[in-house]
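Step one of this worksheet: look at the structure below.
Where a number appears in this text, it was derived from the coordinates with a stated rule and is not lab data. The model shown is predicted, which means the values in this text are computed figures rather than measured ones. Heads up, the Cβs are rebuilt from the backbone with ideal geometry, glycines too, and the neighbour counts pull from every protein chain shown.
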Amino acid sequence: MTVADESAPARDGPKLDFSKVLVVSRSPINRIVVSRIIEQSGLKAIAESPETAPAALTGVIPGTVVLDGGPENSDCNAVLSDVAAIRGMIRRSAPCVIFLSNRSGTAEGLALPRTVDFVVAKPITPDRLHQIIEKLKSGSRQPR
C-alpha cells in the first residue's frame, strides 16, 4: 500500500468517503429501490446483504449507512455493531446511520442503539429518504 492509495486507512483511523452510501438489506428489492433513491441524490450507493456488508466497512468507509431493520428491526444488528466500533475508533458520529423500520418513531422510542441517527418508516418513498440525504449532503445532521 502506498501513501497515495485512497483505499489505505489513514494513520489516525479509516478514511471516510461522504460520496458513498452503504445500503444494507436482506431484501434485494429494497436494496435496489433505496440505491436508486441514493443515486438520484448524486451519491454512489453500495448495496449489500447483512452478511456481506462488513466487508464494505473496511478501507474507505462510506459516509452514510442505510440499514433495513427487517420485520423485527434486527436484521442488521451485526452491521450496527461494526458501525459503532468504527465510530469509536475515529471518535466521530460518522458514518451516519439511517434505519429503515416497519414501525414509526424515533430511535429511542423503537429501542434502537444510539448509533442510529435517523429512522425512516416503511414503505420507503423517494420523498422521505431524499429529504434526509439532502440534509446530510448540506451538513445538517439533526434528526427529525
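Hey, if you put +1 on the Cβ of every Lys and Arg and -1 on every Asp and Glu Cβ in region 16-138, which of ILE124, GLN40, VAL83 ends up farthest toward the positive end of that dipole? The one lying farthest along the dipole's positive direction is GLN40. Here the gap between ARG103 and LYS15, fully extended at 0.36 nm per residue and compared with their Cα-Cα distance, gives a gain of 28.4 nm. Listed values for region 110-121 are Karplus-derived 3J(HN,Hα) couplings in whole Hz (6.51 cos²θ - 1.76 cosθ + 1.60, θ = phi - 60°), namely 9, 6, 8, x, 5, 5, 7, 8, 9, 10, 10, 6, and x replaces Gly and Pro. Taking other residues whose beta carbon is less than 14 angstrom from the beta carbon of GLU51, and scoring Lys, Arg as +1 and Asp, Glu as -1, yields -2.
A cut-off under 10 angstrom between Cβ atoms defines the neighbours of ALA121, and their net charge, with Lys, Arg +1 and Asp, Glu -1, is +3.
So for each of 102-114, 81-93 I average, over its residues, the number of other beta carbons within 10 Å; can you give me the resulting order with the highest mean first?
The most tightly packed comes first, giving 81-93, 102-114.
Under the rule a/c < 1.5 gives rounded, and otherwise a/b versus b/c splits prolate from oblate, where does region 84-144 land using the Cα gyration tensor? Don't skip to the end; give the middle numbers.
Working: a/c = 2.34, a/b = 1.27, b/c = 1.84.
Since a/c reaches 1.5 but b/c is at least a/b, the shape of region 84-144 is classed as oblate.
Using a/c under 1.5 as the rounded threshold, could you call the chain rounded, prolate or oblate? The axes a ≥ b ≥ c are square roots of the C-alpha gyration tensor eigenvalues, and prolate needs a/b larger than b/c, oblate otherwise. Cα axes put the chain in the prolate bin.
Ignoring lysines fewer than eight residues from LYS15 along the same chain, the ones with Cα atoms less than 19 angstrom from its Cα are LYS44, LYS137.
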